[in-house]
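To start, the structure itself, in structure tokens.
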Amino acid sequence: MLEIVGLVQDYGGKRHVLKGVDLSISCGELVAIVGENGAGKTTLVKHFNGLLRPSRGDVRIDGKSIKDTPVSQVARNVGYVFQNPDHQIFHDTVWGEISFGPRQLGLGEEEIERRVYQAMVAVGLVAHAQDYPMALSRGTRQRIAVASVMAMGCRLIVLDEPTTGQDYYEAQQVMQLANELRTHGTAIVFVTHDMELVAEHALRVVVMAKGEILLDGPPQQVFGETQVLERAHIMPPQITQLGHAWNRTTYLDSTSLVQAVAGTIDKRERVVAVG
């Protein structure tokens, strides 16, 4: 669906923030983009919907360049949820905020109401329909921002640090929603520093450092590349580190590690019994 080709972004023609990045995103993918501060993650994803324009290279949706396409048109396909939801919330009610995008698409009132209600149900906001968004918690405002993009019917949604300021339960809600959208064909790209979140939910991980992509693949493969991760200043999840120290195997969750340990103990007990 989305293709990034030779993307270069520089400031003042001197400092290259992105250095010839190539990346493709398909429908139904759940992709994590990770890297230390300044790696170029947010700069990259802001090109997906035209918030930034390439210094060189191209961004294509369905094979067509968006170079001369207004952001308002690109937004029909690509939605962006900012790290700070307050940067995109401006209406005086939750319902008004979520309905704003669909209304700009020129949809009829019946279709707008259907989309808004579905989005509010999906993120658990029905009870807050007439509330003033800025009076709600940070986590709730984040869900309002997600619902606003969902109601637009976007085929790709970018979540920039989607769990910032949220407790564990709220973070899981957002990621469960992302997984549900993915199963219906929506591509989800999330930028994060939370490697446990990546290990638990991502199907694909893109590792960036100094404006370049160093790794791109399934979490188990990516978290096994310890030397490259060190170059990117990324620490794998604690469970993964423990597995590497124990038997040089990449584990993404505690269950798989416990099962491996239990299997080793059982095997040793059987050897002792036979002996």
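The values are calculated or read from the model by the stated rules, or taken from the named source; none is laboratory data. Note that the structure is a prediction, hence the values are computed from the model and not measured. In this analysis, Cβ positions are derived from the backbone assuming ideal geometry, glycine residues included, and neighbour counts consider all displayed protein chains. With ligands, DNA and RNA removed, areas are computed over all heavy atoms of the protein, side chains included. Shrake-Rupley method; radii C 1.70, N 1.55, O 1.52, S 1.80 Å.
The table below gives the values:
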read-out: Simple Cβ-charge dipole of segment 39-137, Lys/Arg +1 and Asp/Glu -1, about Cα centre, in debye nearest 20; value: 700
read-out: Sum of side-chain charges, residue 190 neighbourhood, beta-carbon under 13 Å (Lys, Arg +1; Asp, Glu -1); value: -2
read-out: Gain upon complete extension [residue 90, residue 249; 0.36 nm per residue less C-alpha separation]; value: 52.4 nm
read-out: Within the accessible area of segment 1-153 (1.4 Å probe), percent carbon and sulfur; value: 48
read-out: Residue-wise HN-Hα coupling along segment 193-199, computed from phi with Karplus coefficients 6.51, -1.76, 1.60 (Hz; x: Gly, Pro); value: 9, 8, 6, 5, 4, 4, 4
read-out: DSSP-defined beta bridges in the chain - what % are antiparallel, rounded to 5; value: 55
read-out: Accessible surface, per residue, of segment 1-128 when the full set of protein chains is kept, probe 1.4 Å, Å²; value: 48
read-out: Square roots of five times the Cα gyration tensor eigenvalues for the chain, Å; value: 36, 25, 15
read-out: 16 Å Cα-Cα reach of residue 46 towards aspartates and glutamates, excluding residues that sit fewer than 8 places from it in its own chain; value: 3, 10, 22, 58, 68, 160, 161, 212
read-out: Segment 67-162 - convex hull of alpha carbons, volume per residue in Å³; value: 95
read-out: Which of 148, 65 is most accessible, then next, and so on - probe 1.4 Å; value: 65, 148
read-out: Per-residue HN-Hα couplings for segment 246-253 [Karplus 6.51, -1.76, 1.60; θ = phi - 60°; Hz; x = Gly/Pro]; value: 7, 9, 6, 10, 8, 9, 9, 8
read-out: Dipole of the chain [Lys/Arg +1, Asp/Glu -1 at C-beta], most positive-end residue of 156, 2, 127; value: 2
read-out: Dipole in debye (nearest 20) - the chain, about Cα centre, beta carbon charges: Lys, Arg +1; Asp, Glu -1; value: 740
read-out: Three-way shape label, segment 1-106, alpha-carbon gyration tensor, a/c 1.5; value: prolate
read-out: For residue 18, distant residues with modelled amide H under 5 Å away; value: 9
read-out: Estimated [θ] at 222 nm from DSSP helical runs (n ≥ 4, -39500 (n - 2.57)) normalised by residues in the chain, nearest 500; value: -12000 deg cm²/dmol
read-out: Nearest-10 value in Å² for the accessible area of residue 134, using the 1.4 Å probe; value: 80
read-out: Solvent-accessible ranking of 100, 90, 48, 82, largest area first, probe 1.4 Å; value: 90, 100, 82, 48
